[in-house]
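The values are calculated or read from the model by the stated rules, or taken from the named source; none is laboratory data. Given the structure is predicted, the values throughout are model-derived calculations rather than measurements. All Cβ positions, even for glycine, are placed from backbone atoms using ideal geometry, and neighbour counts span all protein chains on display. Note: areas computed on protein heavy atoms with side chains; ligands, DNA, RNA excluded. Shrake-Rupley method; radii C 1.70, N 1.55, O 1.52, S 1.80 Å.
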Amino acid sequence: IKYRDTAKVGDVICVAGNLGKAHLGLIACEGAMNGFNEYKQAFLCPTAKLYEGKWLGEQLAVTSMMDSSDGLVLDLKRLCEVSHVAGRVDLEKLSPTPLFNSDCQALGLDPINVMLTGGEDYGLLFTVANKKYGELSKEFMNIFGYELKQIGQIMPGSDVTFSKNGQRKILNLKPFSHFGEVL
């Protein structure tokens, strides 16, 4: 069993799954917009990463894990808080696809903000011992046919920070909320 309170300083922060697709689907459904079918499908019929979670749970290199359905930033804050560590997200590693970028822009949304705060993606957020990430990542790709996203690192301290190309960035984010509660 992997817990969310066992992340360690130096671990790599990873995500399995797509970030932000369900949020775009929600926006498209709420606006009764034509197109955006891939995103609508991600929102209306999400697919939990059950097999990936089971496999990752069996890997000794994985130090902590949880689902990411409340948005990456909010879930990473929860993981860091209970593990008594900080997380740094390297924004350049989020690397949204050109299609995701253009679809976000068509809806008047910032793609990085959507990836960080959009909820209902049913992905996995987990940490991996730094020296084991490369091997784990290759094996994951061979088994599941898609890449893990290495998005940052666990650091000493508390809270979640952001950087881009090594420079600290301050972001004004509004985390996802299921029921409009203030987070």
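Pairs linking a residue in segment 51-76 that is of a type outside the set (A, V, I, L, M, F, W, C) to a residue that is part of a loop (DSSP other than H, G, I, E, B) and crowded, with 22+ Cβ neighbours inside 10 Å, with Cβ atoms under 7 Å and 6 or more positions apart or on different chains, are THR63/ALA7; THR63/ASP11; SER64/ALA7; SER68/ASP121; SER69/ASP121; ASP70/PHE176; GLY71/GLY118; GLY71/PHE176.
Here's the yes/no breakdown for (1) at pLDDT below 95; (2) open to solvent by 50 Å² or more (accessible area, probe 1.4 Å); (3) outside any loop (DSSP other than H, G, I, E, B):
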site: GLN105; (1), (2), (3): yes, yes, yes
site: LEU109; (1), (2), (3): yes, no, no
site: ASP121; (1), (2), (3): yes, no, no
site: LEU124; (1), (2), (3): no, no, yes
site: LYS131; (1), (2), (3): no, yes, yes
site: LEU136; (1), (2), (3): no, no, yes
site: PHE140; (1), (2), (3): no, no, yes
site: ILE143; (1), (2), (3): no, yes, yes
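Remark: pairs (first residue in segment 35-50, closer than 9 Å to ALA22 by Cβ and open to solvent by 50 Å² or more (accessible area, probe 1.4 Å); second residue part of a helix (DSSP H, G or I) and of a type in the set (D, E, K, R); Cβ separation under 8 Å; 6+ apart in sequence or on different chains) = PHE43/LYS21. Counting the residues of segment 1-34 that are at pLDDT 95 or above, open to solvent by 50 Å² or more (accessible area, probe 1.4 Å) and among the aliphatic types (A, V, I, L, M) gives 1.
Looking at segment 20-66 only, could you name the residues that are aliphatic (A, V, I, L, M) and assigned to a helix (DSSP H, G or I)?
Within segment 20-66, ALA22, LEU24, LEU26, ILE27, ALA28, ALA42, LEU44, LEU50, LEU56 meet the criteria.
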